[in-house]
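Below: one structure, written as structure tokens.
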Amino acid sequence: SAVISQKPSRDICQRGTSLTIQCQVDSQVTMMFWYRQQPGQSLTLIATANQGSEATYESGFVIDKFPISRPNLTFSTLTVSNMSPEDSSIYLCSVVTSGRWYEQYFGPGTRLTVT
Amino acid sequence: DAKTTQPNSMESNEEEPVHLPCNHSTISGTDYIHWYRQLPSQGPEYVIHGLTSNVNNRMASLAIAEDRKSSTLILHRATLRDAAVYYCILRDAGGTSYGKLTFGQGTILTVHP
């Protein structure tokens, strides 16, 4: 299994500012993902965080708005840039470990409110 | 990606079995059927997955129709802790979609004491 921690757990930010969310895993993982869950909605994949290279973004998400870093096999950051109230969501980090391709682990999420 | 259809909500009584249905009529031959659940204020957690045969684990059972166009997640004895949103997800084990999970709206399961 993999234990995932995220920082911060929640934050309230003003529009126009940026917030960086950290994801730390207790073991090396093969794949890391970032999801967004808007209020009352299901989860939407933002991007796949690739180690040592640019993240792979899903349709509707761009690097300028959601820059992602993954410097090693256990850590990744997601930045929400130039925030607006529409960015108020829960942001979740998720990982897949080697040998258990079928099981994706999720972090507790970061609850972001933009005022 | 092939889509899934689930009821918006279901209710159950504690200690009774729960059958959560999922329709996936456009499933491809390489799609695995995954179930995740999301407890209140938590990230989703893996429940079970299968390809063609029925599967059992400590959490639940997965019954897959012979034509694979539908499946049912079975909780044998529901507890209050099982109250969650249950997601039925089709996932291709390989190719460019490897690792990606496409979440639908899921089924909200309410368990009554």
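Throughout, read-outs are computed from the coordinates displayed, never taken from laboratory work. Small disclaimer: the values here were computed from a predicted structure and weren't measured. Note: ideal-geometry Cβ built from the backbone for every residue, glycine included; neighbour counts use all protein chains shown.
Key figures for this structure:
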quantity: Cysteines without a disulfide-compatible neighbour (Cβ-Cβ under 4.7 Å), the protein assembly as shown; calculated: A:CYS13
quantity: Positive-end residue, the protein assembly as shown charge dipole about Cα centroid, Cβ charges, pick of A:SER89, B:THR79, A:GLN24; calculated: A:GLN24
quantity: B:SER28 paired with A:ASP64, simple spin-label distance in nm, labels 7 Å along Cα-to-beta-carbon; calculated: 3.3 nm
quantity: Point-charge dipole on Cβ atoms (K/R +1, D/E -1) for chain B, about Cα centre, debye to 20; calculated: 240 debye
quantity: Farthest toward positive dipole pole in chain B [+1 Lys/Arg, -1 Asp/Glu at C-beta], among B:PRO17, B:PRO44, B:VAL55; calculated: B:PRO44
quantity: Among A:PRO8, A:ILE63, A:TRP34 - extreme Cα towards positive end, dipole of the range A:5-97, charges at beta-carbon; calculated: A:PRO8
quantity: Check: chain A dipole with +1 on Lys, Arg Cβ and -1 on Asp, Glu Cβ, in debye; calculated: 180 debye
quantity: Cross-link partners of B:LYS100 among aspartates and glutamates (Cα-Cα below 15 Å; sequence separation of 8 or more within a chain); calculated: A:GLU58, A:GLU103, B:ASP1, B:ASP31, B:GLU45, B:ASP92
quantity: Only Lys, Arg (+1) and Asp, Glu (-1) charged, at Cβ; the protein assembly as shown dipole about Cα centre in debye; calculated: 320 debye
quantity: DSSP bridge pairs, the range B:3-68: antiparallel proportion in percent, nearest 5; calculated: 100 percent
quantity: Sequence-distant lysines (8 or more away, or on other chains) whose Cα lies within less than 20 Å of A:LYS7; calculated: A:LYS65
